[in-house]
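*Asks:* Sharing a structure below in structure tokens format, with a few things to ask.
The values are calculated or read from the model by the stated rules, or taken from the named source; none is laboratory data. Computed from a predicted structure; not experimentally measured. Here the Cβ positions follow ideal geometry from the backbone for every residue, glycine too, while neighbour counts run over all protein chains shown.
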Amino acid sequence: MKQEYFEIGQIVNTFGIKGIVKVNSFAEDPLEFEQLKTILVEKNKKLLEFEIEEAKLHKNQVLLKLKGINDINEAEKYKGCYIKLPREKAKKLPENTYFIADLIGLEVYTDNGELLGKVDDIYNSGSADIYVIKNELGKQILLPGIKDVIKEIDVDNEKIIVHLIDGLV
């Protein structure tokens, strides 16, 4: 199922006394925050829209000045909150690339029709993405995100077809 909103970061602390918040960015490029005009902050299961007055990178974190948050006491209220972006505002992806959020939970089948489990996580190992597949017993299989292994990704039908090359499982 396609995600309606993407988590793009988490407010982890305040910065200074003027209401600036420190954000751990989940975006591939934290500088993407500088391109945004507004964000959604999830607080108490509600999405609150904030206009970004300023965004800048600081020691691998993003510092955000949000309109309406003008002092440290107000900023403190948002510590731990996640920042979300509606799908339509997300960066457009090249063909045959996917948002990880759309792949989590998809069923993974071999090209022989055997169900291996569901995508539990995807992380980057440097040379390729690693797909973490977990079956109903909790057993994990790690598959490299390469063309020889990942044969078909069908987000609409919520399944991935893989070819198990020798030595993988």
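*Asks:* Taking region 97-117, which residues are over 30 Å from Ile11 (Cβ atoms) and in contact with a strand residue (DSSP E or B) (Cβ under 8 Å, 6 or more places away or on another chain)?
*Replies:* Result: Glu107, Val108, Tyr109, Thr110, Asp111, Leu115, Leu116, Gly117.
*Asks:* Go through region 96-105 and give me each residue that's under 18 Å from Glu7 (Cβ atoms) and of a type outside the set (Asp, Glu).
*Replies:* The answer is Tyr98, Phe99, Ile100, Ala101, Leu103, Ile104, Gly105.
*Asks:* Give region 17-49 a look and list any residue that's more than 17 Å from Lys92 (Cα to Cα) and in a loop (DSSP other than H, G, I, E, B), or say none.
*Replies:* Ile17, Lys18, Gly19, Asn44, Lys45, listed by residue number.
*Asks:* Counting just the residues of region 82-123 that are more than 27 Å from Ile52 (Cβ to Cβ) and among the polar types (S, T, N, Q), which one comes out modelled with the lowest pLDDT?
*Replies:* Asn96
*Asks:* Continuing with the same structure: Looking at region 81-97, I want the residues that are assigned to a strand (DSSP E or B) and among the β-branched types (Val, Ile, Thr) and have a partner that is surrounded by 10 or more Cβ atoms within 10 Å (Cβ to Cβ) and at pLDDT 75 or above with Cβ atoms under 6 Å, at least 6 apart or on another chain. Which pairs are those?
*Replies:* Ile83/Ile8; Ile83/Gly9; Ile83/Ile39; Ile83/Val41
*Asks:* Go over the candidates Asn70, Asn13, Asn112 one by one and state the one that is farther than 30 Å from Gly138 by Cβ and in a loop (DSSP other than H, G, I, E, B).
*Replies:* Asn70
*Asks:* Let me ask you something else. Return the residues of region 28-37 that are surrounded by fewer than 19 Cβ atoms within 10 Å (Cβ to Cβ) and under 11 Å from Ile83 (Cβ atoms); say none if nothing qualifies.
*Replies:* Leu36
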